[in-house]
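To keep things clear, I will list the structure first and then write my remarks on it.
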Amino acid sequence: MVAETVERAGGVAAASGTPWGRVGAAARRARTALLWFVGIRLAGAACVAAWAWRTGRHPRSLLGGSWDSQWYLSIARHGYGMAAPDGRWPDVPGADLAFFPLFPWLVRGVGAVLPVHPLTAGLIVAWGAALLAAWGIFAVGEHLHGRRAGTLLVVLWAVLPHAVVESLAYTEALLTALSAWALYAALSGRFLWAGALAALAGLARPSALAIVAAVQAAVAVRAWRQWRQWRRGARRSAPRGRAPDGHVPGRRLCAAALLAPVGWLGYVLWVGRRTGRGPLGYFAVQARWGSRFDFGRDALRAVRRLVLLGAPPAYLMALAVVAVALLLYVLLAADRPPAAVLGYVTVLLVLALGGTGYFASKPRFLLPAFPLLLPAALALARARRRTTAVITGGLAALSLGYGPYLLTLAAMPL
């Protein structure tokens, strides 16, 4: 039975008396955004497929078996501890422990249910995660600024220069999906859901620390507000001369804060036990890949080399994306978003730019930082429709052309 329609901040959110009814209403509100997303990404996949056939490669192998995808598929098929797939570097024992397990688990689950090749199973998981990510991005954008801004936020995420990664058997779309819905749950006061989704995200990628921090920031803000509200009420009702008793945050808030880091901590501690190196074992595995946290010194050296010595187009594009991301971060912070949103993008930026090596991969690491696009989405929402169409069309052309180049011509790992 459908209940009354409920007005929400920034847009109209239809709520029903059953969970499935609420999901259906949310899907109807997001329909336009999801149709745009599917259309853009299908066009991107078609461009990749056309170029793959032109260069003598199979589109499925290109989309489902490029670079890190082979590591994830190897884990899905054989578990951890196998040799590097196809002799990839680093071919040392335990190198695959750098890859978190949720994506391989899902690929294995799809393969157990459907009679498909592991490459196809990986693409099913990745494309399904990308669609859920687009829906979650819309939900966050609509909650904060209304339906039009939410739709444009999804469109901008779909036409990023590195948006081809959203069509690959990679984990960025999966992390984005879980993070977006965890953010939405935190923003709408569903803290247990937020904690559970953050815990699940912690099994997807190491950068899931960002959504863990975001959920805990939202919990801290809500607990502080509750405490202040209670303190004001207690002062009014307390006898003169007596201070109110201490206030304990709600059990759901405490549970959400404790639940959020469980997935990330669980995997990191498991790797430490498996390697015999204790709690720091995972970071030793990352060091084998040349990945350490140096507060951005290596990134600054890379920028200096790019400016003084030049570099292939892929590196210059990465530099441009990083520069725009920093500018958007300043604009987002100036708009004073909720603590969960600002905390999420802050931690993602710090992790992406503060690590050593892989400068050309920084834009991929920043793909889950979709709230950075909020200032641009708001500007486009206020602009004339023709202006919006020209700008998004130009970005789409760049994205659709750059994707095949990145996968087939750029001699650099994604």
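The values are calculated or read from the model by the stated rules, or taken from the named source; none is laboratory data. Given the structure is predicted, the values throughout are model-derived calculations rather than measurements. Positions of Cβ are generated from backbone atoms using ideal geometry, with glycine treated the same way; all protein chains shown enter the neighbour counts. These area figures cover heavy atoms from the full protein model, side chains too; ligands, DNA and RNA do not enter into them. Shrake-Rupley method; radii C 1.70, N 1.55, O 1.52, S 1.80 Å.
Take the Cα of Ala43, step 7 Å along the line toward its Cβ, and report every residue of the stretch 386-414 whose backbone nitrogen sits under 15 Å from that point.
388-404
On a C-alpha basis, how far is the centre of the stretch 27-82 from the centre of the stretch 365-414 in Å? Whole number, if you could?
What the calculation gives is 18 Å, centre to centre.
Treat each spin label as a single point 7 Å out from the Cα along the C-beta direction, and report the Leu316 to Phe295 distance in nm.
3.3 nm
Please compute P(r) over all alpha-carbon pairs of the stretch 263-342, binned at 5 Å starting from zero, and give each bin as a whole-number percent.
It works out to 3, 12, 12, 13, 12, 14, 16, 12, 4, 0, in whole percents.
Within a Cβ distance under 14 Å of Ala218, other residues only, what is the Lys/Arg minus Asp/Glu net charge?
Here the count lands on +4.
Sorted by packing (mean other beta-carbon atoms within 10 Å per residue), highest first, where do 387-396, 315-324, 155-164 land?
155-164, 315-324, 387-396
Set Lys and Arg Cβ to +1 and Asp and Glu Cβ to -1, take the dipole of the chain about its Cα centre, and tell me which of Ala257, Phe370, Val285 lies farthest positive.
Final value for the positive-end residue is Ala257.
If you roll a 1.4 Å probe over the chain with all protein chains in place, what percent of the accessible area is carbon or sulfur?
Result for the chain: 64 percent of the exposed heavy-atom area is carbon or sulfur.
Modelled label-to-label distance, Thr387 and Ala334, 7 Å Cα→beta-carbon offset: nm?
In this crude label model, Thr387 to Ala334 measures out at 1.6 nm.
Based on the alpha carbons, how large is the Rg to Rh ratio for the chain when Rh follows Kirkwood?
0.99
Based solely on its DSSP helices, what 222 nm [θ] is calculated for the chain when runs of n ≥ 4 H residues each add -39,500 (n - 2.57) and the sum is averaged over all residues, nearest 500 deg cm²/dmol?
-22000 deg cm²/dmol
Whenever you get a sec, line up Trp270, Trp224, Trp135, Trp230 from highest to lowest accessible area (probe 1.4 Å, protein heavy atoms).
Trp224, Trp270, Trp230, Trp135
What nm value, rounded to one decimal, do you get for the distance between Trp20 and Ser188 when each label is placed 7 Å out toward the C-beta?
1.9 nm
Quick check: residue separation of Arg31 and Val221 times 0.36 nm, minus the Cα distance between them. What number comes out in nm?
In short, 65.2 nm is gained.
Give the relative contact order (percent, whole number) for the chain; include only Cα pairs under 8 Å separated by 6+ residues.
Result for the chain is 19 percent.
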